Amino acid sequence: MDMSFKEKSAWISLFSTVLIFGYYFYSVFQLSDLPVEQAKEVAKGLLIRAIVLSVIVEIIFHGMLAATNHKAAEMGADERDKLFEYRGNNFGYSILVIGVLFTLGRIITLEYNPQWNEHSSSLQIPLLTAHILMFSFILSEVARFAGQIYYYRRGY
């Protein structure tokens, strides 16, 4: 079965997101041995690089895809594409909501129990709350793209 333009686009976004941000989160977990201020600076640099690399990779690969599929790129989404995109968005949104609620629960818990501060946490990740939100966002994007691909592969 030949893939549609939109399905190829979803595959590009899925692979680039998993690879780039998978490496980013792996690198952030490795920062636990560094002093807190140094770890924050390294994490900031990693985040900037991940975002810039993600934008560049998406532009290059989607540009190549559009260049090799002129008609499909200009045609836009049909009803089936819109339905699959909608269903994929539902997956991603659900995961994002769970991640945001988890993060809010963590913030409130730490506000009322300051003794459970990040310094006594078993996870010595710099800017942990921000990384939980970032992970929720990236996981929701992965779920969104995977959901779209699932429906394309399923066919309806």
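The values are calculated or read from the model by the stated rules, or taken from the named source; none is laboratory data. Here the structure is a predicted model, which is why all the values come from computation and not from measurement. For neighbour counting, all protein chains shown are included, and Cβ atoms are generated from backbone atoms with ideal geometry for every residue, glycine included.
Assorted remarks:
- Only a single item in (1) touching a helix residue (DSSP H, G or I) at 6+ places or on another chain (Cβ under 7 Å); (2) within 23 Å of Ala10 (Cα to Cα) is not met by Leu128, and it is number (2).
Residues are listed down the side, and each one gets a yes or a no for (1) under 14 Å from Glu7 (Cα atoms); (2) within 15 Å of the chain's Cα centre (by Cα):
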residue: Ala50; (1), (2): no, yes
residue: Ile56; (1), (2): no, no
residue: Ile60; (1), (2): no, no
residue: Tyr86; (1), (2): yes, no
residue: Phe91; (1), (2): no, yes
residue: Ile95; (1), (2): no, yes
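- The condition (being in contact with a Leu (Cβ under 8 Å, 6 or more places away or on another chain), of a type outside the set (Lys, Arg) and assigned to a helix (DSSP H, G or I)) is satisfied by just one residue among Ile60, Ile56, Ile51, Ile20: Ile20.
- The number of residues in the range 11-55 being of a type outside the set (A, V, I, L, M, F, W, C), closer than 23 Å to Gln148 by Cα and crowded, with 16+ Cβ neighbours inside 10 Å comes to 4.
- Unmet criterion (only one of (1) among the small types (Gly, Ala, Ser); (2) assigned to a helix (DSSP H, G or I); (3) more than 18 Å from the chain's Cα centre (by Cα)) for Ala77: (2)
- Count - residues of the range 1-55 that are in contact (Cβ under 8 Å) with a residue 12 or more places away in the chain, farther than 16 Å from His131 by Cβ and among the aromatic types (Phe, Trp, Tyr): 2
- Residue within the range 94-101 that is on the phi < 0 side of the Ramachandran plot, at pLDDT 90 or above, assigned to a helix (DSSP H, G or I) and among the small types (Gly, Ala, Ser) present: yes
- Within the range 112-156, the set of residues being surrounded by fewer than 17 Cβ atoms within 10 Å (Cβ to Cβ), modelled with pLDDT under 80 and either under 24 Å from the mean Cα position of the chain (by Cα) or among the acidic types (Asp, Glu) (or both) comprises Glu118, Leu123, Gln124.
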